[in-house]
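Derivation of every value follows stated rules applied to the coordinates shown; laboratory data play no part. These numbers come from a predicted model, not from an experiment. Note that each Cβ is placed from the backbone with ideal geometry, even for glycine, and that neighbours are counted across all protein chains shown.
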Amino acid sequence: DAKTTQPNSMESNEEEPVHLPCNHSTISGTDYIHWYRQLPSQGPEYVIHGLTSNVNNRMASLAIAEDRKSSTLILHRATLRDAAVYYCIPLGGSQGNLIFGKGTKLSVKP
Amino acid sequence: SAVISQKPSRDICQRGTSLTIQCQVDSQVTMMFWYRQQPGQSLTLIATANQGSEATYESGFVIDKFPISRPNLTFSTLTVSNMSPEDSSIYLCSVGDWLREQYFGPGTRLTVT
């Protein structure tokens, strides 16, 4: 399994952009990069995933380095509801099980 | 998308007893997963449950302690057997596959006294 490195915590101000980094230098060529987040007292929820090119959806953008050894989750305008633990998870193979690391705890200040 | 419900949402149990947690999905799914989240920790996969086959357990988890049933494509149960205080955790089920997103239930908060 590919190992990931994420900051333990980050802070942001409300309505400002947030860039959450993730290093996954041992990722295999067929692993997708998934991001999930877990709001307090809830189960994790899917945020976004990608393979090589940058991806956008209604929640966030995912910027993937050309060598795929790192990626950045971008929240364009942080809201108080975005305060959560964010997990970066390389995922591939025939099994669809997610391996959760410690993630980054994002705090959003009003 | 998939909507997942779990029962019970929380329970307080005595050591030595067993608790069965139910997971219901609003659509038919092939793969279901059970996770444990110990206090202040990240999620750990317990097992993968595919309908029609035996559950596959991750290292450190055994069938005698965490028996799983998967009778159909929308339902699964996880039993926590012969509980001890170390089993106090949140137990979550999820569905999905590695090509698309996974959906998680709200979790069952178990406290063992």
Next item on the list: Enumerate the amide H contacts of B:Ser89 below 5 Å, restricted to partners 5 or more residues apart or on another chain; note that Pro and chain-start residues carry no placed amide H.
Entry: B:Leu110
Next item on the list: Mind scanning A:Lys105/B:Lys7; B:Lys7/B:Lys65; A:Lys3/A:Lys102; A:Lys69/A:Lys105 and naming the pairs with a C-alpha gap bigger than 23 Å?
Entry: A:Lys105/B:Lys7
Check: In Å and whole numbers, how far do the C-alpha atoms of the protein assembly as shown stretch along each principal axis, longest first?
Finding: 49, 38, 30
Notebook entry, point to check: If the viscosity is 1.002 mPa s and the temperature 20 °C, what translational diffusion coefficient in µm²/s does Stokes-Einstein give for the range A:24-110 when Rh comes from Kirkwood over Cα pairs?
Noted result: 158
Next item on the list: Would you list the P(r) distribution for chain B, with all Cα-Cα distances sorted into 5 Å bins from 0 and each bin expressed as a whole %?
Entry: 2, 13, 24, 27, 20, 10, 4, 1, 0
Check: Between A:Glu14 and B:Phe75, how many nm apart are label points set 7 Å from Cα along the C-beta direction?
Finding: 4.5
Notebook entry, point to check: Comparing A:Gly43, A:Gly92, A:Gly29, which has the greatest mean-square fluctuation in the GNM of chain A with Cα pairs linked when under 10 Å apart?
Noted result: A:Gly43
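Give me A:Arg37, B:Arg36 ranked fewest to most by other Cβ atoms within 10 Å of their Cβ, as a rough exposure proxy. All intermediate terms of the calculation are to be shown ahead of the outcome.
On the way: A:Arg37 24, B:Arg36 21.
Result, fewest neighbours first: B:Arg36, A:Arg37.
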Notebook entry, point to check: Between A:Ser70 and residues 5 or more places away or on another chain, which pairs have amide H atoms under 5 Å apart, with H built 1.01 Å from N, and which residues are they?
Noted result: A:His24, A:Ala65
Check: Where the eigenvalues come from the Cα gyration tensor of the range B:1-43, what are the semi-axes √(5λ) of the equivalent ellipsoid, largest first, in whole Å?
Finding: 23, 15, 10
Margin query: Need one number: nm distance between label points at B:Asn82 and B:Val62, each 7 Å from Cα along Cα→Cβ, rounded to one decimal.
Written below: 0.8
Notebook entry, point to check: With labels modelled as points extended 7 Å from the Cα through the Cβ direction, what inter-label distance (nm, one decimal) is found for B:Gln14 paired with B:Thr44?
Noted result: 2.7
Notebook entry, point to check: For the range B:74-113 and the range A:21-65, what is the separation of their Cα centres, given in Å?
Noted result: 23
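Roughly what % of DSSP beta bridges within the protein assembly as shown run antiparallel, to the nearest 5? Before the final figure, lay out the partial values.
Details: 61 of 70 bridges.
If we restrict to bridges inside the protein assembly as shown, about 85 percent are antiparallel.
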